[in-house]
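So the structure is just underneath, and the comments pick up after that.
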Amino acid sequence: MSNTEATPAELACADRPTATDPDSPAVEVLTPRDVPLGGPRAMRVRRTLPQRSRSLIGAWCFADHYGPDEVAKMDVAPHPHTGLQTVSWLFAGEIEHRDSLGTHAMVRPGELNLMTGGNGICHSEVSTPATKTLHGVQLWVALPERHRHTARAFDHYVPSVNRIEGAEIRVFLGSLAGRTSPIPTFTPLLGAEIVLSPDAHMSLGVDPRFEHGVLVDTGDVDVAGTRVRAAELGYVGIGVRSLTLSNRGATPARFLLLGGTPFEEEILMWWNFVGRTHEEIATFREAWEAGSDQFGSVTGYPGERLPAPALPAVRIKPRRNPASGQETAHG
């Protein structure tokens, strides 16, 4: 699903990677904020990226966690994207996806749907008639400068289950625990769903070049000795070769492990666009409102497309982060 906030903030985001002691890694716990989404579905989501203390983890620049919510029908009309990839991952429910590439696909639990917006794409998302509960995550990946105007694309992949050390692992992007996703990425990335059995403990080899985030769906997970509760995200900086993960509870714990090399570019996010300047975002908005071929059109959706919200009245300037010397700004 996508960002249908009625008044989205304009966000300037820059990575602030943290180097971590490989023998005793520090874990930064990011708590989510509830975000009410406008539009026909009027859902609330728990957003952990971006936020004031950390706006990216690798190229992962947006993370919404939602459900389980009872829905009569979710209906998100055609809307645009630029400069990013959307990663849809469900735990429950089913969503029908249509885009201006001509794709007609279903989003189902345990199956990756990755859409590349690049220079411009639009798509719609509608829950299927049999779906009464929706539960999952919507993730965005920022495209680097040299690839952000790439052609629109769509990839679907069903990862197999890798069972090790009391865990079930589905690797949907990158490589982990001897499994590799065939889906190509524009920067080094990791995305995996992990389910830990009750009282399970594991030591997971990870790429030391990566920073990582553990986004907990159900249960509590100890990440390198720090408890990360449901809906929270535990951040671990670069330099770690082995990540210890434990479930101290009496029921299974499920979480996503996200990772990537630090993203070295500042990006600007507003509504469903990722760009580099306020002027560029304004140009994207104007093109969408004018019906430009930059985004194409969705066939098979029985309704009108979403209009773009009004831009902020004031241009938001990046704020310096005194801890790193880098500049970041958040709404």
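The values are calculated or read from the model by the stated rules, or taken from the named source; none is laboratory data. This structure is a prediction, so every number in the text was calculated from the model and none was measured. Quick reminder, even Gly has a Cβ in these numbers, built from the backbone with ideal geometry, and neighbours come from all protein chains shown.
Here's the yes/no breakdown for (1) small (G, A, S); (2) buried (at least 16 other Cβ atoms within 10 Å of the Cβ); (3) modelled with pLDDT under 95:
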residue: V141; (1), (2), (3): no, yes, no
residue: R148; (1), (2), (3): no, yes, no
residue: D155; (1), (2), (3): no, yes, no
residue: P159; (1), (2), (3): no, yes, no
residue: N162; (1), (2), (3): no, yes, no
residue: E165; (1), (2), (3): no, no, yes
residue: T180; (1), (2), (3): no, no, no
residue: L204; (1), (2), (3): no, yes, no
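Restricting attention to region 153-169, the residues that are in contact with a Leu (Cβ under 9 Å, 6 or more places away or on another chain) and either under 12 Å from L257 (Cβ atoms) or of a type in the set (K, R) (or both) add up to 2.
As a summary of the residue check, G118 satisfies the conditions (1) farther than 16 Å from I267 by Cβ; (2) under 18 Å from the mean Cα position of the chain (by Cα); (3) not in a strand (DSSP E or B) except for the one numbered (1).
Looking across region 16-50, the residues that are part of a loop (DSSP other than H, G, I, E, B) and either modelled with pLDDT of 90 or more or among the aromatic types (F, W, Y) (or both) come down to P25, A26, T31, P32, P50. Looking at region 274-282, is at least one residue part of a strand (DSSP E or B) and not β-branched (V, I, T)? Yes, the conditions are met somewhere in region 274-282. Scanning region 160-194 for residues that are within 18 Å of the chain's Cα centre (by Cα), closer than 17 Å to F255 by Cα and in contact (Cβ under 8 Å) with a residue 40 or more places away in the chain yields R170, F172, L173, G174, L189, L190, G191, A192, E193, I194.
In summary, strands (runs of 3 or more DSSP E) completely within region 189-245 and bearing 2 or more residues that are aliphatic (A, V, I, L, M) occur at 189-196, 201-205, 211-218, 221-223, 233-236.
The residue that is surrounded by the most Cβ atoms within 10 Å (Cβ to Cβ), counting only those in region 224-250 that are among the hydrophobic types (A, V, I, L, M, F, W, C) and either without any contact (Cβ under 8 Å) to a residue 40 or more places away in the chain or out of contact with any Ser or Thr (no Cβ under 9 Å at 6 or more places or on another chain) (or both), is V228.
L311: within 20 Å of L139 (Cβ to Cβ) and of a type outside the set (V, I, T), yes or no?
Values: within 20 Å of L139 (Cβ to Cβ): no; of a type outside the set (V, I, T): yes.
In short, no.
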